[in-house]
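The values are calculated or read from the model by the stated rules, or taken from the named source; none is laboratory data. On a predicted model such as this, the values are computed, not experimentally measured, just so you know. Neighbour counts are summed over all protein chains in view; Cβ atoms, including those assigned to glycine, are modelled from backbone coordinates with ideal geometry.
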Amino acid sequence: MHLARGSLVLLAEAQAEPFLAAFLASLQEGLCPICADGHSPEAELSRLAKQFRPSAVWTNTPGQESRWEAKSWPKPSHIVATPAVMKLSSGSSGEPKGIIVPIPALLADSDALSEVMLLGPRERALAKLPFSHSYGMSVLAIPALTLGMPLIVTDGHDPWAAGRKWQATFYPTVPAVLDAWLRLAKPPPLPTSLRLIVSAGAPLTEATAEAFRKRIGHSIHVFYGTSETGGICYDPSGEAGERGTLGCPIPGVRVTLEAVPGEDLQRVVVRGPAVAERYWPLQDPALQSGCFRSTDSGRWQDGELFLTGRFGDRINVGGKKVHPREIESVLSKLEAVDGVAVFGIPDPERGGERLRAVIACQKSKLDYATVSAWCRRHLAPHKVPRSILFVDSLPTTSRGKLDRKALQALEPS
């Protein structure tokens with residue numbers, strides 16, 4: 001199979017070794033791999049193929065050898081002029097966007113993160129993050145390929161066992177995994193060889209960061225980034241998580257806060273050598289010329305970045321704008337709360353929206369009256385959720401992010 005340089009190829013592989021082999025082979029041939037979630041169902045992969053019209057698709061049918069399979073489309077397949085990788089946005093607001101990341105930008109991101117996290121060939125990384133996602137690609141896949149960093153790859157349900165056996169020193173993970181570990185009555189012991197645990201992909205609550213440190217005596221280092229920019233901020237001290245901040249900008253990355261007309265929030269704007277080139281196939285002024293204007297809002301707190309919310313997430317309650325993150329921050333400080341998500345639902349009586357809080361906690365630890373009373377003590381009346389649901393854990397996507405579609409589908413029991 002011969003493909004023109006710059007051809008798009010769809011790579012969806014859940015296993016670490018074949019992903020790295022296919023990823024590296026595609027780059028060596030001058031192709032542009034579309035890095036899709038290897039656990040995606042067939043229907044989702046079919047939608048991605050129709051959306052991006054790749055010249056070939058990586059097939060990994062059980063019982064058969066994985067291989068590239070050429071595709072033909074009524075219209076010619078796309079060609080990317082710059083040697084690049086295509087990341088995919090999470091698609092939380094619709095179908096996912098392609099993000100063209102030139103190879104120099106991909107390497108600049110991984111080099112910067114390897115420098116601040118002190119990664120190298122002597123590291124032994126416990127690799128449970130998907131390599132197809134920006135986080136796993138930057139701190140696991142690329143350092144393995146460029147620095148020779150060994151990876152401990154396991155498909156088992158207890159990655160800690162492999163970590164203990166092979167003396168893992170570095171474990172990048174997501175808050176949902178840390179929360180789940182804390183909820184276990186008898187959690188598996190962590191490798192005593194660990195020197196660095198990093199959390200990214202979703203907000204880490206102050207309660208989780210503190211509980212983890214107190215339980216095992218090991219701090220969690222917070223990392224903040226996006227698919228469009230790679231790494232943005234990092235906390236080398238391991239203390240930012242308990243302050244609710246994200247650490248300081250990574251060397252070479254410039255972070256500014258931009259006032260937005262008609263808003264009381266400031267937009268997080270990122271510039272640097274690792275910023276992606278553009279969205280694909282349609283461009284967007286939010287990402288161009290080495291600059292990304294994110295949908296995150298923030299403020300500086302003693303030199304560290306603190307996220308205050310996201311544009312478009314604000315809820316209209318009786319004509320007053322409410323920031324979900326403010327309420328989530330208050331609720332996360334309530335004892336027994338393992339996780340919380342706040343969003344708006346239709347209010348058929350008054351029109352507009354009312355607030356719903358979905359709280360993860362152990363069964364029977366909390367009730368409506370306790371949560372409501374806590375909110376009334378700490379929030380203005382219009383910010384108190386009128387609908388409160390209790391769950392064992394918050395639903396998350398394969399990226400470790402909050403699954404907002406699943407949240408919206410929850411119904412009171």
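Structural remarks
- Pairing each residue of region 280-302 that is under 22 Å from ASP264 (Cα atoms) with any residue that is part of a loop (DSSP other than H, G, I, E, B) and not hydrophobic (A, V, I, L, M, F, W, C), provided the two are 6+ apart or on different chains, yields C-beta distances under 7 Å for PHE292/GLU228; PHE292/THR229; THR295/GLY312; GLN301/THR245.
- Of all residues in region 207-220, exactly one satisfies the criterion of being surrounded by 24 or more Cβ atoms within 10 Å (Cβ to Cβ) and closer than 20 Å to LEU119 by Cα, namely ILE220.
- Some residue of region 344-363 being among the polar types (S, T, N, Q) and closer than 21 Å to PRO412 by Cα: yes
- Candidates SER26, SER40 - the one that is outside the structural domain of LEU129 (by TED's automatic domain parsing) and part of a loop (DSSP other than H, G, I, E, B): SER40
- Of the residues examined, ALA36 is one that is within 24 Å of ILE152 (Cα to Cα) and buried (at least 16 other Cβ atoms within 10 Å of the Cβ).
- Every pair of residues 6+ apart whose Cβ atoms lie under 7 Å, when the first sits in region 26-37 and is in contact (Cβ under 8 Å) with a residue 40 or more places away in the chain while the second is charged (D, E, K, R) and not in a strand (DSSP E or B): GLY30/ARG5
- Any hit, region 106-122, residues being buried (at least 23 other Cβ atoms within 10 Å of the Cβ), of a type outside the set (Asp, Glu) and under 19 Å from GLU29 (Cα atoms): yes
- Test result for LEU8, surrounded by 15 or more Cβ atoms within 10 Å (Cβ to Cβ), aliphatic (A, V, I, L, M) and free of Cβ contacts under 8 Å to residues at least 40 places away in the same chain: no
- Boolean, ARG376 is of a type in the set (Lys, Arg) and touching a Lys or Arg at 6+ places or on another chain (Cβ under 8 Å): no
- Single residue of THR229, THR208 found to be among the polar types (S, T, N, Q) and either closer than 22 Å to VAL340 by Cα or without any contact (Cβ under 8 Å) to a residue 60 or more places away in the chain (or both): THR208
- Verdict on PHE306 being in contact with a helix residue (DSSP H, G or I) (Cβ under 9 Å, 6 or more places away or on another chain) and either assigned to a strand (DSSP E or B) or not assigned by TED's automatic domain parsing to the domain that holds PRO249 (or both): yes
- So SER55, is it touching a Gly at 6+ places or on another chain (Cβ under 7 Å) and modelled with pLDDT of 90 or more: no
- Test: residue in region 145-160 that is of a type in the set (Gly, Ala, Ser) and crowded, with 18+ Cβ neighbours inside 10 Å: no
- Checked against (1) under 17 Å from GLY136 (Cα atoms); (2) in contact (Cβ under 8 Å) with a residue 60 or more places away in the chain, ALA70 passes all but condition (1).
- Exactly one residue out of SER77, SER138, SER92, SER114 is within 14 Å of the chain's Cα centre (by Cα) and either farther than 22 Å from LEU8 by Cβ or modelled with pLDDT under 95 (or both), and it is SER92.
- Listed conditions (1) modelled with pLDDT of 95 or more; (2) not in a helix (DSSP H, G or I) are all met by SER132, apart from (1).
- Hits in region 387-413 - residues which are surrounded by 13 or more Cβ atoms within 10 Å (Cβ to Cβ) and over 25 Å from GLY201 (Cβ atoms): SER387, ILE388
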